[in-house]
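Quick notes on the structure that follows.
The values are calculated or read from the model by the stated rules, or taken from the named source; none is laboratory data. A quick note: this is a predicted structure, and the numbers were derived from the prediction, not measured. Cβ sites come from the backbone with ideal geometry, for glycine too, and all protein chains shown count toward neighbours.
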Amino acid sequence: MSAINKPKILTLISFYKPSFKAGGPVKTIANMVDQLKSLKFSVFTRDRDLGDAQPFKGIEFNHWQQVEGAVVLYATQDKLSVKYIAETIQKEQFDVLYLNSFFDPIFTIKPLIARKLGLIKVCPIVLAPRGEFSPGALAIKSFKKKLFIKFASLLGLYDNIIWQASSEFEKQDIIQRLKVPPSTVFIAKDLPPKLSVSTVTPTLNANETCKVIFLSRISPIKNLDFALEVLKKVQAHVFFDIYGPIEDDEYWQACLKLIKQLPSNIQVNYCGSVTSDQVVDVFSSYDLFFFPTRGENYGHVIAESLAAGTPVLLSDQTPWQDLARDNLGWDLSLEMDSFVAKIEEVAQMDSHARIVWRQQVALNSVSKINNEQDIADNMALFQFALDRFKKAK
């Protein structure tokens, strides 16, 4: 790709900076903008954060504006029609259209309907499902999702698309669920923020009593209820703090019932949401990040925990594998007793031993998180889409 004539990637995504409640996809796109210097990014998104009734303050809406390394359009609620989305796409000079969900009704389905109706130009399209086809994700509202997949397939709504997978596991999920040719699925991992050894100097707080954190959206896919069931069986004294926006109120009510059933040795607090720039500082106060998620296509919050020097206790439903080998924590199958044993193990360590471990985690995290090949793969993804489109003409 020529540095003089940079390909332009028109990115459609439900939420973008300064959004922080929507989790990983926002961070993924922001990190791509920051690290893929040979590309130009335009981002078309909505005017508010996940679950918010009010739009962002201090932002001009329905106009393109520079936001750090990207040009961004924040669309108001009344502008999210097929017609407006099609007109916005059609007016833009871009090389690749980049969609960031399979099921998003506004920023994926409407543009694809516009394409089907001939309202936008024929162009290369890259679609990143962001883990939506993992077994854990598909199990939530599975009937509706399966019905939509079948209907969309009959319509040919997703024909002639390049699929981005963040791992070989996600590639196989996409192929299996959508029956697409393997040659149309390109593996390019989500990009974390750039770290260096010189920047990894977290201030770690020594805790006499083990402090465990859960930080994510409060949603069934994140499996907070499983974490609470595990803590019911823990005998050691543990502080357990929960951070994250409540995305599913009914699910949160069920979690509150579980919290009331916990024994007195487990003290739980809900601490609300955390903005992106606060996450690493928050993690630095904890001895363990407990995240038994039912499925992550990457897991930016895992990278942030490790960068803060906080070991992780994860399910095996993420790309973060073999963590024990690098002394970063554990990735376990979703079997309750194994999680109980690891929490007991950390809780029984003295505060000095936990600090020494956390210092080592912060240093070891740099090579685990940053990989130049991942940047090269993301560049190659868009070049692949461009080359394939040219050949098909």
Does the stretch 314-347 hold any residues that are within 20 Å of the chain's Cα centre (by Cα) and polar (S, T, N, Q), and which are they? 315, 317, 318, 321
Where the second residue is in a helix (DSSP H, G or I) and the first is surrounded by fewer than 17 Cβ atoms within 10 Å (Cβ to Cβ) and lies in the stretch 88-101, which pairs have Cβ atoms under 9 Å and are six or more apart or on separate chains? 90/114
Would you pick out the residues in the stretch 243-263 that are under 18 Å from residue 230 (Cα atoms) and among the β-branched types (Val, Ile, Thr)? 259
Does the stretch 349-358 contain at least one residue that is modelled with pLDDT of 95 or more, under 25 Å from the mean Cα position of the chain (by Cα) and either at negative phi or surrounded by fewer than 19 Cβ atoms within 10 Å (Cβ to Cβ) (or both)? no
Count of residues meeting criterion [more than 25 Å from residue 30 (Cβ to Cβ) and buried (at least 16 other Cβ atoms within 10 Å of the Cβ)] in the stretch 143-172: 6
Name the residues in the stretch 264-308 that are at positive phi and surrounded by fewer than 18 Cβ atoms within 10 Å (Cβ to Cβ), would you? 272
Residue that is assigned to a strand (DSSP E or B), among the aliphatic types (A, V, I, L, M) and closer than 23 Å to residue 174 by Cα, where the choices are 97, 73: 97
Just give me the residues in the stretch 187-198 being more than 15 Å from the chain's Cα centre (by Cα) and modelled with pLDDT under 95, in sequence order. 194, 195, 196, 197, 198
The helices (runs of 4 or more DSSP H) lying entirely within the stretch 199-296 that contain at least 1 residues which are farther than 24 Å from residue 31 by Cα and at pLDDT 95 or above are 224-232, 249-260
Which count do you get for residues in the stretch 15-62 that are modelled with pLDDT of 95 or more, aromatic (Phe, Trp, Tyr) and assigned to a loop (DSSP other than H, G, I, E, B)? 4
Output yes when any residue across the stretch 338-351 is free of Cβ contacts under 8 Å to residues at least 12 places away in the same chain and closer than 30 Å to residue 173 by Cα, and no when none is. yes
If only one of 85, 29, 9 is farther than 30 Å from residue 215 by Cβ and in contact (Cβ under 8 Å) with a residue 24 or more places away in the chain, which one is it? 85
For the stretch 32-43, which residues satisfy the criterion of being touching a residue at least 60 places away in the same chain (Cβ under 8 Å) and of a type outside the set (D, E, K, R)? 32, 35, 36, 38, 39
